[in-house]
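Peer 1: The structure follows.
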Number of protein chains: 2
Amino acid sequence: MTAELQQLRDRFIEVGGQITQSIGLGRVLGQVFAHIYFSPTPQGLNDLTQALEISKGAASMAVRQLMHWGAVQQVWVKGERKDYYEALTDFGSIIRRALLDQIGQRMETADALLTEAERLVPSLQKKATSDAEAFMQERVHKLHAFRNRAQHIWDSSIIKLLLK
Amino acid sequence: MTAELQQLRDRFIEVGGQITQSIGLGRVLGQVFAHIYFSPTPQGLNDLTQALEISKGAASMAVRQLMHWGAVQQVWVKGERKDYYEALTDFGSIIRRALLDQIGQRMETADALLTEAERLVPSLQKKATSDAEAFMQERVHKLHAFRNRAQHIWDSSIIKLLLK
DNA sequence: CAATCCGTTCAATAGGATTTGAAAATAGGT
DNA sequence: ACCTATTTTCAAATCCTATTGAACGGATTG
């Protein structure tokens, strides 16, 4: 491989790390995927620790996360005891799974709170509502309306990504 | 305001902080917005520092960020010198602006790299390409293809959010 | 079955991001 | 023009998260 190509590859690894870092997944994850993605041969943990100068633990964790999202798969290299990995390239599926995994629970947390708020707030309508209570009602209501719209947009975007 | 309502409000503030925290925007941002959103009257920096127990600096920065995304607007309270803020409720627009702002540059960075890669890689086709070079070509090509599709999905999702 | 090789775990640490708070800048009032 | 109230800035400190690496467990080999 020419020095030029190697340099390009390193840049991809760097940018991959920046991207995952910036979305709160840690630098290593993106770097590991980029490294494997640009490796013509399956890569073992050793290869990762050496190429990226990270610890075995970090490599192990990153690879497991990537497997969980189907970004990487284990391959069998005959005559070798080590685990080897290669990249999968259906980015749509990968991102879809990662998004569902990452954002799913947060949506549930927010949903739970909204549901509780709805349970509490409508009961106010019966009382002679103070200004403060009426205001609270309106705010919760607006939030609820947006939640429904967001849900819809979210679902249809996810489906789009899912389809080839 | 009843104790129950106050408690609910605090929970929204807490969850708001968790959400912005988890997407790498810092806890304060979400808390400040939630506080203002659930305040019937315009809020000054003092109100924020007291209610959320944060420093004046943090409050100032959070408010400015929120203004930049149109999540909050300054309002004039007559007879007061302080700046007061109230929440805007067009969440679609707010999120759209925040996304464009946050993800925009990253996309550009990645784009620049891909463009450079494309510039470098096609030139390889003329040479007698080694296996390594052919492989690199294929990988860059797949990435490029995805980029185009992602661009399309991104744009149409953004437009959906934009429209009421 | 002892020795070795790998992968995983997790407490400790390093590194980085967030927050503070004092100082500087700005705007308002007299 | 000065004084005061308020906001903004940014270096320093704090807090938190990602990463390390030693210890463990499981699996393979001779």
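Peer 1: Suppose we keep only residues that are open to solvent by 50 Å² or more (accessible area, probe 1.4 Å) and in contact with a helix residue (DSSP H, G or I) (Cβ under 8 Å, 6 or more places away or on another chain) within the range A:78-95. Which one would you say is nearest to the other protein chains (Cβ to nearest Cβ)?
Peer 2: Within the range A:78-95, the subset open to solvent by 50 Å² or more (accessible area, probe 1.4 Å) is A:78-83, A:86, A:88, A:90, A:95.
The next check asks that each one be in contact with a helix residue (DSSP H, G or I) (Cβ under 8 Å, 6 or more places away or on another chain); those that pass are A:82-83, A:86, A:88, A:95.
On the way: A:Lys82: 22, A:Asp83: 22, A:Glu86: 12, A:Leu88: 11, A:Ile95: 8 Å.
The selected residue is A:Ile95.
Peer 1: Further question: Residues in the range B:44-60 that are hydrophobic (A, V, I, L, M, F, W, C) and free of Cβ contacts under 8 Å to residues at least 24 places away in the same chain: how many? Break it down stepwise before answering.
Peer 2: If we filter the range B:44-60 for residues that are hydrophobic (A, V, I, L, M, F, W, C), which is where we start, we get B:45, B:48, B:51-52, B:54, B:58-59.
Subsequent filtering for residues that are free of Cβ contacts under 8 Å to residues at least 24 places away in the same chain retains B:48, B:51.
Within the range B:44-60, residues that are hydrophobic (A, V, I, L, M, F, W, C) and free of Cβ contacts under 8 Å to residues at least 24 places away in the same chain number 2.
Peer 1: Going residue by residue through the range B:97-108, is there one that turns out to be surrounded by fewer than 14 Cβ atoms within 10 Å (Cβ to Cβ), over 21 Å from the mean Cα position of the chain (by Cα) and more than 9 Å from chain A (Cβ to nearest Cβ)?
Peer 2: no
Yes or no, residue by residue, for (1) more than 11 Å from DNA strand D (Cβ to nearest atom); (2) touching an Asp or Glu at 6+ places or on another chain (Cβ under 7 Å); (3) not in a helix (DSSP H, G or I):
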| site | (1), (2), (3) |
| --- | --- |
| B:Ala51 | yes, no, no |
| B:Ile54 | yes, no, yes |
| B:Gly57 | no, no, no |
| B:Met61 | no, no, no |
| B:Gln65 | no, no, no |
| B:Gln74 | no, yes, yes |
| B:Val77 | no, no, yes |
| B:Tyr85 | no, no, yes |
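Peer 1: Follow-up question, since we're still on this one. Scan the range A:12-30 for residues that are more than 12 Å from DNA strand C (Cβ to nearest atom), at pLDDT 95 or above and either open to solvent by 60 Å² or more (accessible area, probe 1.4 Å) or acidic (Asp, Glu) (or both) and jot them down.
Peer 2: Correct list: A:Glu14 only.
Peer 1: Out of A:Phe38, A:Phe33, report the one residue that is surrounded by 14 or more Cβ atoms within 10 Å (Cβ to Cβ), within 14 Å of chain B (Cβ to nearest Cβ) and within 13 Å of DNA strand D (Cβ to nearest atom).
Peer 2: On the way: A:Phe38 fails: within 13 Å of DNA strand D (Cβ to nearest atom).
Selected residue: A:Phe33, the only one of A:Phe38, A:Phe33 that is surrounded by 14 or more Cβ atoms within 10 Å (Cβ to Cβ), within 14 Å of chain B (Cβ to nearest Cβ) and within 13 Å of DNA strand D (Cβ to nearest atom).
Peer 1: Moving on. B:Gly70 fails exactly one of the following numbered conditions: (1) within 16 Å of DNA strand D (Cβ to nearest atom); (2) under 11 Å from the mean Cα position of the chain (by Cα); (3) open to solvent by less than 30 Å² (accessible area, probe 1.4 Å). What is the number of that condition?
Peer 2: Checking B:Gly70 against (1) within 16 Å of DNA strand D (Cβ to nearest atom); (2) under 11 Å from the mean Cα position of the chain (by Cα); (3) open to solvent by less than 30 Å² (accessible area, probe 1.4 Å), the one that fails is (2).
Peer 1: Report the residue count in the range B:1-15 for those that are at the interface with another protein chain (Cβ under 7 Å from one of its Cβ atoms) and of a type in the set (Lys, Arg).
Peer 2: Result for the range B:1-15: 1.
Peer 1: Suppose the filter is among the acidic types (Asp, Glu), away from DNA strand D (no atom under 16 Å from the Cβ) and open to solvent by 40 Å² or more (accessible area, probe 1.4 Å); does B:Glu116 pass it?
Peer 2: Yes.
Peer 1: Still on this model: Evaluate the range B:58-72: report whether one residue or more is more than 20 Å from A:Ile23 (Cα to Cα) and out of contact with any helix residue (DSSP H, G or I) (no Cβ under 9 Å at 6 or more places or on another chain). Quick ask: steps written out before the conclusion?
Peer 2: So the first thing to find is which residues in the range B:58-72 are more than 20 Å from A:Ile23 (Cα to Cα), and the list is B:58-61, B:63-64, B:67-68, B:70-72.
Still in the list and also out of contact with any helix residue (DSSP H, G or I) (no Cβ under 9 Å at 6 or more places or on another chain): B:64, B:67.
Looking through the range B:58-72, at least one residue is more than 20 Å from A:Ile23 (Cα to Cα) and out of contact with any helix residue (DSSP H, G or I) (no Cβ under 9 Å at 6 or more places or on another chain).
Peer 1: Then there is this: What number of residues within the range A:44-92 are touching a Leu at 6+ places or on another chain (Cβ under 7 Å) and among the polar types (S, T, N, Q)?
Peer 2: Matching residues across the range A:44-92 total 3.
The values are calculated or read from the model by the stated rules, or taken from the named source; none is laboratory data. If you're wondering where the values come from, they're calculated on a predicted model, not measured in any experiment. So basically every Cβ, Gly included, is an ideal-geometry build from the backbone, and we count neighbours across all protein chains shown. Remember, those area values only see protein heavy atoms, side chains included, never the ligands or the DNA or RNA. Shrake-Rupley method; radii C 1.70, N 1.55, O 1.52, S 1.80 Å.
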